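For reference, the structure discussed in these notes is given below.
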Amino acid sequence: MEKRNPEEEKRLLKEKLKAIKHKIFIISNKGGVGKSSVAVNLAVALTQDKYQVGLLDADLHGPSIAKMLRIEGQTLRGSGNKIVPFPIYPNLKVVSIALLLESPDSPLIWRGPLKMKALQQFLKDVKWGELDYLIVDLPPGTGDEPLSICQFIPEADGGVVVTTPQDIALLDSRKCISFLRALKIPVLGILENMTEFICPHCGKKTELFGSGGGEKASREMKVPFLGKIPFEKRIVESTDEGRPFIAEYGQTETARVFKEIVSRIIKKIET
């Protein structure tokens, strides 16, 4: 087989992604801020608006999207020399390394070049078809893997930075914003997650992690502030059970807030 040079690979990859109208990165500088949960609920919310959506779990070492969508144990199949995304809901397709591992407990013990090749295949060799949106859940941080996947999609519409409200999160948000700007990727905005705990019994709101970190970062870095997602028990339960909150509790106040954030993202991209 003829070995292609990197420029030829980039050209072919760009050609493959032409059928995808919009590409969005979901990024955070560290784990544990609810980035994957945001990616899943954003993807499902877009399908509720009748968009055709692809969801790529690009976190090779900590893939959690399969569990969040209750498709653990399922396997991606092939068609010719292409990978077929796993279909879920009427218009959502999912690709995750979790759907290629023998067991959810199997660790991925790969060195850098093999991981880069896998990420490239998730874009070039996956039969995504025509999509309105591709949501890419990036690994936490600003190292090799998020850098590579961003470079594989140089014409992305932008990145959504997920953070938590404590002031220390300001440092992480700034790094993510600087990372996107260095790659000339538009910053769609900062989303503040777990902004306050809502008691399931009395409805009282408590700021467990302080407040204002995301808003402060958006002001200082001059990027849009997309909104605040409360921390409530039903989000944790639905995520653990593989039932996206936005689908299960679509009539709640928290779901309304999330849908407003989705609308802001769509408006920013499509206008």
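Please treat every number below as a calculation from the coordinates, not as lab data. No experiment lies behind these values; they were computed from the predicted model shown. Counting neighbours? That spans all protein chains shown, and the Cβs are built from the backbone with ideal geometry, glycine included.
Place a +1 charge on the Cβ of each Lys and Arg in the stretch 113-154 and a -1 charge on the Cβ of each Asp and Glu, then give the dipole magnitude about the Cα centre in debye, rounded to the nearest 20.
Value, rounded to 20: 200 debye.
Pull up all non-local amide H partners of VAL94: gap of 5 or more, or a different chain, and H-to-H distance under 5 Å with H placed in the peptide plane.
For VAL94, the qualifying residues are LEU55, PHE86, ILE88.
Using θ = phi - 60° and the Karplus relation 6.51 cos²θ - 1.76 cosθ + 1.60, list the HN-Hα couplings for the stretch 96-110 in order, rounded to whole Hz, with x at every Gly or Pro.
Karplus values, whole Hz, x for Gly and Pro: 8, 4, 4, 8, 10, 8, 5, 8, x, 8, 6, x, 9, 9, 10.
For the charge dipole of the chain, defined by +1 on Lys and Arg C-beta atoms and -1 on Asp and Glu C-beta atoms about the Cα centroid, which residue among LEU76, PRO154, PHE209 has the Cα displaced farthest towards the positive pole?
Going by the Cα projections, it comes out as PRO154.
Quick check on the exposure proxy: order VAL161, VAL262 from fewest to most C-beta atoms within 10 angstrom.
Listing VAL161, VAL262 from fewest to most nearby Cβ atoms yields VAL262, VAL161.
Taking the Cβ of ASP57 as the center, what net charge do the other residues with Cβ under 13 Å away carry, scoring Lys and Arg +1 and Asp and Glu -1?
Here the charged neighbours net out to -1.
Of PRO107, LEU55, ALA255, which is farthest on the positive side of the dipole of the stretch 20-270, counting Cα position, with +1 on Lys and Arg Cβ, -1 on Asp and Glu Cβ, and the Cα centre as origin?
Positive-end residue among those listed: LEU55.
Hand me the chymotrypsin sites (Phe, Trp or Tyr not before Pro) from the stretch 117-188 located in a DSSP loop with no more than 13 other Cβ atoms within 10 Å, in residue order please.
On the way: sites: PHE122, TRP128, TYR133, PHE152, PHE179; in loops: TRP128.
For chymotrypsin sites (Phe, Trp or Tyr not before Pro) across the stretch 117-188 that sit outside H, G, I, E and B with at most 13 neighbouring Cβ atoms in 10 Å, the list is empty.
Can you list, largest first and rounded to whole Å, the semi-axes you get for the stretch 162-241 by taking the square root of 5 times each eigenvalue of its Cα gyration tensor?
Working from the Cα gyration tensor, I get semi-axes of 27, 14, 9 Å.
Over the Cα atoms, compute the radius of gyration (one decimal) and Dmax (the largest Cα-Cα distance, rounded to a whole number) for the stretch 118-205, in Å.
Looking at the stretch 118-205, its Cα Rg and Dmax stand at 16.3, 50 Å.
Please list the radius of gyration and Dmax for the stretch 1-154, considering alpha-carbon atoms only, with Å as the unit.
Gyration radius and largest Cα-Cα distance of the stretch 1-154: 14.7, 44 Å.
Test of understanding: in a Gaussian network model of the chain with alpha carbons linked when under 10 Å, which of ASP57, ASP49, ASP240 would top the mean-square fluctuation ranking?
Its mean-square fluctuation being the largest, the pick is ASP49.
Looking only at LEU123, LEU12, LEU131, which one moves most when the chain is put into a Gaussian network model with springs between Cα atoms under 10 Å?
With Cα springs under 10 Å in the chain, the top fluctuation among LEU123, LEU12, LEU131 is at LEU12.
Under 13 Å Cα-Cα from LYS14, which aspartates and glutamates qualify once same-chain neighbours fewer than 8 residues away are excluded?
LYS14 reaches ASP125, GLU155.
Only Cα pairs under 8 Å and at least 6 apart count here; give the relative contact order of the chain as a rounded whole percent.
Details: 504 pairs, mean separation 63.0, N = 271.
That works out to 23 percent.
Remind me, what semi-axes does the stretch 44-104 give for its equivalent ellipsoid, largest first in whole Å, using sqrt of 5 times each Cα gyration tensor eigenvalue?
19, 15, 10
Got a sec to turn the phi values of the stretch 111-126 into Karplus ³J(HN,Hα) couplings, 6.51 cos²θ - 1.76 cosθ + 1.60 with θ = phi - 60°, whole Hz, x for Gly and Pro?
7, x, x, 5, 5, 4, 5, 5, 4, 5, 5, 4, 9, 6, 9, 9
For the chain, what value does the Rg/Rh ratio take when both radii are computed over Cα atoms and Rh is the Kirkwood radius, given to two decimals?
Numbers: Rg = 18.1 Å, Rh = 18.9 Å.
Across the chain, the Cα-based Rg/Rh ratio is 0.95.
For the stretch 132-185 and the stretch 31-58, compute the distance between their C-alpha centroids and round to whole Å.
15 Å
Among ILE266, LEU191, PHE86, whose Cα lies farthest out toward the positive end of the dipole of the chain, if unit charges sit on the beta carbon of Lys, Arg (+1) and Asp, Glu (-1)?
Projecting each Cα onto the dipole axis, the largest value belongs to ILE266.
What residue among ILE135, ILE198, ILE26 has the largest mean-square fluctuation in a Gaussian network model of the chain, using Cα springs under 10 Å?
For the chain, modelled as a Gaussian network with Cα springs under 10 Å, the answer is ILE198.
Under a Cβ-only charge scheme (Lys and Arg +1, Asp and Glu -1), can you give me the dipole magnitude of the chain about the Cα centre, in debye to the nearest 20?
620 debye
Nearest 500 deg cm²/dmol is fine: what mean residue ellipticity at 222 nm does the chain get from its DSSP H runs of n ≥ 4 alone, each adding -39,500 (n - 2.57), divided by its residue count?
Working: 10 runs with 104 residues, N = 271.
Here the helix-only value at 222 nm equals -11500 deg cm²/dmol.
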